[in-house]
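One structure is given below, encoded as structure tokens.
The values are calculated or read from the model by the stated rules, or taken from the named source; none is laboratory data. Note that the structure is a prediction, hence the values are computed from the model and not measured. With ideal geometry, Cβ positions are generated from the backbone for all residues, glycine too; neighbour counts draw on all protein chains shown.
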Amino acid sequence: MSREFGFETRSIHAGTQPEPVTGARQTPIFQTASYVFHDADHAASLFNLQTFGFVYSRLGNPTVAALEERLASLEGGRGSTCVASGHAAQLLALFPLMEAGAEFVASTRLYGGSITQFGKTFKKFGWQCRFLDMDDLEAVKAAVGEDTRALFCESLANPGGAVSDLESLARIAEGAGCPLVVDNTLATPFLCRPFEFGADLVVHSTTKFLTGNGTAMGGAVIDSGRFDWSKSRRFASLSAPEPAYHGLAFQETFGDLAFTTFSHAVTLRDLGAAQSPMNAFLTLLGLETLPLRMERHCRNALAVARFLETHPAVAWVSYAGLPSSPYRGLAQRYLPAGAGSVFTFGLKGGYRAGARLVEAVALWSHLANVGDSRSLILHPASTTHRQLTAAQRQAAGAGDEVVRLSVGLETAADLIGDLQQALDSLP
Ligand SMILES: *Cc1c(COP(=O)(O)O)cnc(C)c1O
């Protein structure tokens, strides 16, 4: 579908068309593991990567491919690979770039699960992750060099409401000859398109706003197609001859589709984190209303954040859409249509007040997820960050007094009314 069409049109149409055999207008769920070859030559050319087509659903599936094309269109990228979860997307984004002993640099302000994945589990592959405060651009510049495989940040960080200076980080990555990888989960391409600011790869947990109703796990890696992997010896997976495919080199053979082709033909083949066609179908449905939903999410979040700032039980509110946020300037530059709907606030009553508040609300759901049509509330210190020491929680933006909200699509006055009665009930 043409890039000339508007974002709303592409949210509904990109990657899909009426199904040619039956005329079915909605994208079918191709619930199949395998695909019949036309003949022996066709099979051989598919296996040699000389023809694009479907072989086996671990490598590719038509419903998942429709989602891949739609996400690439919405982000303004060249190609995309959908996988089983957001965490699988992060693994898939880094796998072609990394090897044992190699290092990448990531922001300290990442989703907690990403910090654990990068800092602990990836270490078992011999991948080193150096965490840095990416607000400190000088420190980032000093830390990266010709051995750095990637710079990784979130456009809008979960949960602290921090906004990354994408243009500056992209310049630093370019200077070091490595790609900038941006987790765009909380912003979505409706609010921010990192490729327009120089990012090279975008990752998503499609579990969140893209699907939009808490029904389907999924993840995606989108490639801008702009990074030349043969510029440096560092990216041998993409630039050197691949023995399993008769010595073809992905960059040389596939050009701006090198990363995406490698992700299907090698990474998904061998790591196996394929997305199910049912989940891709649910995410395609969700994307149809993404622009409408994100507008309402942002409007409701701003109304709730403004209300919280006025309540006497609340110590502070960290929402990049508020004039009081230190990230206000960056938000206006990178997220002009709204600062999303996930943010934190602090209670004067500390740990006990946070633990009571999540029980005192009625309309808000107390659970660990974000990006649902329903409004969600969480007290990180008593749940997701329970295993950490008080000092570690503070550093992670999950101190005892912190409450995280994911503001949904309900009537704003109902959300505020429920929070008000719960806050008023605190001792
Ligand atoms: C949820 C989330 C992830 C992980 O995604 P899963 O789909 O849960 O694996 C990664 N990054 C961010 C910002 C998230 O919110």
* Asked: For the subset of region 342-353 comprising residues that are farther than 19 Å from THR310 by Cβ and either among the hydroxyl-bearing types (Ser, Thr, Tyr) or buried (at least 18 other Cβ atoms within 10 Å of the Cβ) (or both), which member is nearest to the ligand (Cβ to nearest atom)?
  -> VAL342
* ARG58 is checked against (1) surrounded by fewer than 17 Cβ atoms within 10 Å (Cβ to Cβ); (2) free of Cβ contacts under 8 Å to residues at least 60 places away in the same chain; (3) away from the ligand (no atom under 16 Å from the Cβ) and fails just one. What number does that condition carry? -> (2)
* Asked: Counting only residues that are under 30 Å from ASP136 (Cα atoms) and among the aromatic types (Phe, Trp, Tyr), which one in region 284-329 is surrounded by the most Cβ atoms within 10 Å (Cβ to Cβ)?
  -> TYR319
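One line per residue, one yes/no per condition, for (1) farther than 25 Å from SER205 by Cα; (2) among the acidic types (Asp, Glu):
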residue: GLY119; (1), (2): no, no
residue: LYS124; (1), (2): no, no
residue: GLU138; (1), (2): yes, yes
residue: ALA142; (1), (2): yes, no
residue: PRO179; (1), (2): no, no
* Within region 34-90, work out how many residues are among the β-branched types (Val, Ile, Thr) and more than 18 Å from THR267 (Cα to Cα). => 3
* For region 295-313, indicate whether the set of residues that are under 22 Å from ALA381 (Cα atoms) and in contact with an Asp or Glu (Cβ under 7 Å, 6 or more places away or on another chain) is non-empty. => no
* To do: List every residue pair whose Cβ atoms sit under 8 Å apart, with the two residues 6 or more apart in sequence or on different chains, where the first one lies in region 340-367 and is over 22 Å from GLY321 (Cβ atoms) and the second, anywhere, is in a loop (DSSP other than H, G, I, E, B) and of a type in the set (S, T, N, Q).
  => ARG356/SER425; ALA360/SER425; SER365/SER375
* To do: Grab the helices (runs of 4 or more DSSP H) fully contained in region 199-306, keeping just those with 1 or more residues being among the β-branched types (Val, Ile, Thr), under 16 Å from the mean Cα position of the chain (by Cα) and at pLDDT 95 or above.
  => 277-288
